[in-house]
């Protein structure tokens, strides 16, 4: 707007009310200087503020969040205080799009951006949290990217966009006209010359091309754990899966028939190998790429009876699928006009941004599968073909258009979340809980009981992603597939046991990997000479998993009601310990367990223990915190440490978790001054707990004896304490 145009407008306003003229004149300088009105700051929930400027995105991540904030729990958190003035968050709109600048202190450490692989502490990096089927080093491409980061200084920033976005995490320096000194770098190698090793620039710059406005959600602490609590509670509370979902899941070979699946089920029970869920891979349906969602009668001639038979033996059935609809599917005609303008594997891409498309997809799945006893789904291929490879072109393009108005770029970013929402609401409507597998996710998905997985297979990265998932309201499955050695198999099994979901994915193996690690020999029915010995070692680890279920289930209940992630990086609990800032291969499980998994590279590893005293679980040896140790752990031992003051309830292992399973507990008391422990007790399979039908089981120890107190409205009894044992 030119000065001449402003004068003309001013003359036309001469006859206006004097107050209006004054307001106009006050507004004009800001409009001319910045090209837009100032950002608006509002409080949207206790400890959560929204900074908004311009036109908000119609298809933002939060626009699809149907769960209401748990404001009562949020209001009970300590009052937070930002380390900067919220008005110092700058939002600038230009022809390119929107630039957001958030203050950043040189001493801050940044984490998050979703399920990141190849990086942990994100300070000093350029991050592009874009959905991709092959996470790419430390750039930010991921199955579950998220425009959300947190600081150890006690705040979190979520940029509410579904567009491809770049975060410069203290990596850029503006030309202010001031004279800057040479960095003094003396080396001549390319790595030395191009490395950005200067201090933080004073802000995080967020580049969002192609938008005309933005909303920025700011989550206050005061501590990092409180930030995560506020985010998860703002998203509707953390997920509380069905109790059986915390057992063991085993996915059978892709071309197994009904009879072969039955034989595999019989193997587990005959050999006392714990297993709650059997997953069926693509051949269960008549077409898989794209999907028909119709039972393959040649492979499963009596599928309904098969489901009932498996259920009677304690197995839940999980079905693999993806959301691209084959022309032969009964869903094709209803969804044809409610899908995008491009096909994937000759199948429709449903417009999940449209609630009517979600309802059609859900209604069919409810009638055909869920009402017949299917307990969950593996929702595959909902990410994107690899953006780092020119030949990877299987998914729909970014310029796709959908009837709702969303484009392909935005749809890629939210497709996994909307897929979860579509399927989860089937179970919620039927008052039946589940635990799903999903290939992609994004922001505000904390309330969905779905665990992510990946086709990548680097073990250290799998461990790292357990820590990273906790920053973003996500769950991660470091699944076990093939192994290069017995050591590799056992170390991967230990990590799987110490994660949100213990999963063996044998979709291309005739036999379980512990009977033959070599793929070729496995599929030729040539088992290892020591197969039974390895099987026995794996059984010990799986038994420990089943022993841990009451503790894990209660940690998930805390996640649901208080927002504290059940699996989280050490920096969440110890944000001021500089020695922890970059530790990505240790993490907390609940309040009292520190896990430090090993890979096959060594039988020993360095472990840093935070402040306080800790007990090695296997040896019961006591260690002082604030120090590093070299720890050796055998294949059948668990690489965990127990925090002093913890009461750890461990159950007698069971082969599966049924509706009437009662856990017989031994309570281990670590140290002389143990804090009370809490178990969450309900039916484990319905949402009755949301109506108050649950118990808090309080475990306390003092004066040489333990006590159990129940408070609540659940009439059943899932936990019974058999004995107490003190560890000093």
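Where a number appears in this text, it was derived from the coordinates with a stated rule and is not lab data. This is a predicted model, so every value here is computed, not measured. Methodologically, a virtual Cβ is constructed for each residue, glycine included, from the backbone with ideal geometry; neighbour enumeration extends over all protein chains shown.
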*Which of the following values of Cα extents along the principal axes in Å was calculated from the structure shown: (i) 122, 93, 57; (ii) 82, 65, 61; (iii) 91, 65, 63?*
(iii)
_Estimated FRET transfer efficiency (residue 333, residue 76; beta-carbon r; R0 56 Å; 0.05)_ = 0.65
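Once Rh is set to the Kirkwood radius over Cα pairs, what Stokes-Einstein translational diffusion coefficient, in µm²/s, holds for the range 586-638 at a temperature of 25 °C and a viscosity of 0.890 mPa s?
In µm²/s, the coefficient is 210.
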*How many nm is it between the label spots at residue 628 and residue 68, if each spot is 7 Å from the Cα in line with the beta carbon?*
5.1 nm
*Just grab the label-to-label distance for residue 536 and residue 289, each label 7 Å out from Cα along the Cβ direction, in nm (one decimal).*
4.2 nm
*With the cut-off at 16 Å, report for the range 397-526 the share of all Cα pairs above it, as a whole percent.*
69 percent
*Looking at the square roots a ≥ b ≥ c of the eigenvalues of the Cα gyration tensor of the range 670-728, which shape do they give, rounded for a/c under 1.5, prolate if a/b is larger than b/c, or oblate?*
prolate
*Post the alpha-carbon centroid distance, the range 339-403 to the range 260-329, in whole angstrom.*
20 Å
*So how far, in whole Å, is the C-alpha centre of the range 586-657 from the one of the range 660-716?*
23 Å
*Would you work out the relative contact order for the chain, in percent, from Cα pairs under 8 angstrom that are 6 or more residues apart?*
12 percent
*asked:* When a/c reaches 1.5 or more, the comparison of a/b and b/c decides; with that in mind, is the range 64-159 rounded, prolate or oblate per its Cα gyration tensor?
replied: rounded
_Using a Debye calculation, one point per C-alpha and no hydration shell, please list log10 I(q)/I(0) for the range 260-343 at q = 0.19, 0.21, 0.24 Å⁻¹ in order._
-0.86, -0.96, -1.13
*Arrange the following residues from fewest to most other Cβ atoms within 10 Å of their Cβ: 553, 559.*
553, 559
*Given only helices, namely DSSP H runs of n ≥ 4 each adding -39500 (n - 2.57), what is the per-residue ellipticity at 222 nm of the chain, to the nearest 500 deg cm²/dmol?*
-7500 deg cm²/dmol
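Based on a Kirkwood Rh over C-alpha pairs, give the Stokes-Einstein translational diffusion coefficient of the range 485-599 at 20 °C and viscosity 1.002 mPa s in µm²/s.
133 µm²/s
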_Relative contact order computed over the range 95-181 (Cα-Cα under 8 Å; 6+ residues apart), in percent_ = 28 percent
*asked:* Give me the one-decimal Kirkwood hydrodynamic radius in Å for the range 592-728, with the sum taken over alpha-carbon pairs.
replied: 16.8 Å
*May I ask for the Rg/Rh ratio of the range 441-492, computed from Cα atoms with Rh as the Kirkwood radius, given to two decimals?*
1.04
*Dimensionless Rg ratio for the range 302-445, taking C-alpha atoms and the 2.2 N^0.38 Å reference*: 1.08
*Please figure out what share of the DSSP beta bridges in the chain is antiparallel and state it in percent, rounded to the nearest 5.*
70 percent
*asked:* Using 0.36 nm times the number of residues separating residue 95 and residue 606, minus their current alpha carbon distance, what extension gain do you get?
replied: 178.8 nm
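Could you tell me which of rounded, prolate or oblate describes the range 629-706, using a ≥ b ≥ c as the square roots of the eigenvalues of the alpha-carbon gyration tensor, with rounded for a/c under 1.5 and, failing that, prolate when a/b is larger than b/c and oblate otherwise?
In terms of gyration-tensor shape, oblate.
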*For the modelled label position 7 Å from the Cα of residue 271 along Cα-to-Cβ, which residues of the range 620-657 have backbone nitrogen atoms closer than 20 Å?*
635-637, 653-657
*Each label point is 7 Å from the Cα along the Cα-to-Cβ direction; what then is the distance between the points at residue 58 and residue 529, in nm?*
6.9 nm
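Report the percentage of all Cα-Cα pairs in the range 247-562 whose separation exceeds 35 Å, rounded to a whole percent.
Values: 9669 of 49770 pairs.
In whole percent, the share of Cα-Cα pairs in the range 247-562 beyond 35 Å is 19.
Over the range 592-728, what is the relative contact order in percent, taking alpha-carbon pairs closer than 8 angstrom and at least six residues apart?
Working: 278 pairs, mean separation 28.9, N = 137.
Relative contact order for the range 592-728 comes out at 21 percent.
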*So, how do all the Cα-to-Cα distances of the range 193-310 break down into 5 Å bins, in percent, from 0 on up?*
2, 8, 11, 11, 10, 9, 7, 7, 10, 10, 8, 5, 2, 0
_I need the peptides 59-67, 433-441, 125-133, 306-314 ranked by packing, meaning the mean over residues of other C-beta atoms within 10 angstrom, with the highest value on top._
433-441, 125-133, 59-67, 306-314
*If the chain between residue 508 and residue 664 were fully stretched, how many nm would it gain, using 0.36 nm times the residue separation less the Cα-Cα distance?*
52.5 nm
